[in-house]
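Data first, discussion second: the structure below is written as structure tokens.
The values are calculated or read from the model by the stated rules, or taken from the named source; none is laboratory data. These numbers were taken from a predicted model, which means no experiment stands behind them. Counting neighbours? That spans all protein chains shown, and the Cβs are built from the backbone with ideal geometry, glycine included. Remember, those area values only see protein heavy atoms, side chains included, never the ligands or the DNA or RNA. Shrake-Rupley method; radii C 1.70, N 1.55, O 1.52, S 1.80 Å.
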Amino acid sequence: MEIEYKDIHDFGREELERLFLSVEWSSGHYPDKLVEAMKNYETVFSAWDGDRLVGMVCAMDDGIMTAYVHYLLVEPEYQQRGIGRKLMEMVKNAYSDYLRIVIVAYDEGVPFYERCGFCKSEHACPMYITELWT
């Protein structure tokens with residue numbers, strides 16, 4: 001089946017929970033929060049195999065200069081099919097007039113993002129607080 005890409009913000013809690021937990025992201029344990037979060041993102045592109053959500057990318061922006069990619073995830077059995085690359089191309093096109101697109105990537109994701117045209121900063125490192133979720 002061919003993958004269909006959508007620009008929507010309304011998702012069911014079960015489909016978000018399944019997708020996020022398929023890649024072992026702790027956010028999947030908070031499906032009700034994910035449903036609300038998707039409504040609040042400026043940009044959400046999703047990938048669908050029929051009625052099955054198989055990937056998504058979410059970004060926030062300041063309206064003119066900088067966009068931040070917060071989530072990019074593709075269900076494991078759909079990885080290596082170009083879905084993540086297509087979702088990133090959609091983000092790059094959506095923000096083509098901005099000065100920069102920022103991604104906080106884990107080490108294992110860096111090669112993928114480099115293949116998508118991003119470069120690792122030599123002067124910055126990601127920082128976060130996770131205790132708020134416990």
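Just a few scattered comments:
- Selection within the range 84-121 - at pLDDT 85 or above and of a type in the set (Asp, Glu): GLU89, ASP97, GLU114
- Tally of residues being open to solvent by 50 Å² or more (accessible area, probe 1.4 Å), in contact with a strand residue (DSSP E or B) (Cβ under 9 Å, 6 or more places away or on another chain) and outside any helix (DSSP H, G or I) across the range 14-46: 2
- Residue count for the range 106-124, restricted to those that are open to solvent by less than 60 Å² (accessible area, probe 1.4 Å), outside any helix (DSSP H, G or I) and touching a Lys or Arg at 6+ places or on another chain (Cβ under 8 Å): 1
- Hits in the range 56-80 - residues which are open to solvent by less than 60 Å² (accessible area, probe 1.4 Å) and farther than 21 Å from ASP10 by Cβ: GLY63, THR66, ALA67, TYR78
- The set of residues in the range 1-13 being closer than 21 Å to ILE83 by Cα and outside any loop (DSSP other than H, G, I, E, B) consists of GLU4, TYR5, LYS6.
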